[in-house]
Amino acid sequence: MTLGDNLAINSLASGSRAARITFVTDGFKPDGLDPISLQNFGNLISENHVAQAALNQVQKIQTITGGKVTLYFKDGPRNLAGSVNKTIDGGMNMDMYMLHNANVRPQGAVSTFVHESSHYMRGSRGFEIGTQVDEYMAFRRELLFELGRKPTIAERQAMWLEKIVESEYYSSLPVGGELPRILQGLGG
Ligand SMILES: [Zn+2]
């Protein structure tokens, strides 16, 4: 492990339970010019109650189903900032690509973590992930983190239109069930 790993794990593990997040450090240079500091990432999670709740939830799921969270210090496939996958034995894996534009600042990286934690939780509970409904849930949680409060109905509707309906990528996903009532009739 590098110095950077240990710093981050210490800050993430400052609560009563040790973090089980696995750091993969391909390309990470603690003394280099990497755009994000692992310590800042860990500190921001521990200072924010939405992010801390997301981390606690991910850790709880890990203890039940296995799986890991990996921070890759490289670009992701298909320009992804992060992704969640379910293994054939039901474990949940989260991958984050820390050199993605969205993740080069700690605030953005934590926002991605909060978003992916929603997929992680829903996948572990047997919901289909990677659908429009599932992405809406993930963006709603991300908005909760970014605003620091529950988004209003109008804000959730605007988010749905901007992030899903008007996105070439997300609008092409399967809908994945019945839309929440506040979104019905808005398109999608
Ligand atoms: Zn997503």
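The set of residues from region 114-126 being among the hydroxyl-bearing types (S, T, Y) and more than 9 Å from the ligand (Cβ to nearest atom) comprises S117, Y120, S124. Comparison of L55, L7, L12 shows that the only residue that is under 19 Å from G108 (Cβ atoms) and at pLDDT below 85 is L12. The set of residues in region 83-96 being closer than 15 Å to L71 by Cβ and surrounded by fewer than 23 Cβ atoms within 10 Å (Cβ to Cβ) consists of S83, N93, D95. Cβ-Cβ distances below 6 Å connect the following pairs, each with a first residue in region 103-125 that is part of a helix (DSSP H, G or I), a second residue that is away from the ligand (no atom under 15 Å from the Cβ) and of a type in the set (F, W, Y), and a separation of six or more residues or different chains: P106/F41; A109/F41. Against the numbered list (1) within 16 Å of the ligand (Cβ to nearest atom); (2) assigned to a loop (DSSP other than H, G, I, E, B); (3) surrounded by fewer than 19 Cβ atoms within 10 Å (Cβ to Cβ), I129 comes up short only at (3). Inclusion of E142 among residues that are surrounded by 23 or more Cβ atoms within 10 Å (Cβ to Cβ), modelled with pLDDT of 95 or more, within 16 Å of the ligand (Cβ to nearest atom) and not aliphatic (A, V, I, L, M) is warranted. Scanning region 148-163 for residues that are surrounded by 15 or more Cβ atoms within 10 Å (Cβ to Cβ) and among the charged types (D, E, K, R) returns R156, K163.
When R78 is tested against (1) modelled with pLDDT under 85; (2) at positive phi, exactly one condition is not met: (1). Restricting to region 70-97, name every residue that is touching an Asp or Glu at 6+ places or on another chain (Cβ under 8 Å), among the hydrophobic types (A, V, I, L, M, F, W, C) and touching a residue at least 40 places away in the same chain (Cβ under 8 Å). Once the filter is applied, which keeps residues that are touching an Asp or Glu at 6+ places or on another chain (Cβ under 8 Å), among the hydrophobic types (A, V, I, L, M, F, W, C) and touching a residue at least 40 places away in the same chain (Cβ under 8 Å), region 70-97 yields F73, V84.
The values are calculated or read from the model by the stated rules, or taken from the named source; none is laboratory data. This is a predicted model, so every value here is computed, not measured. Counting neighbours? That spans all protein chains shown, and the Cβs are built from the backbone with ideal geometry, glycine included.
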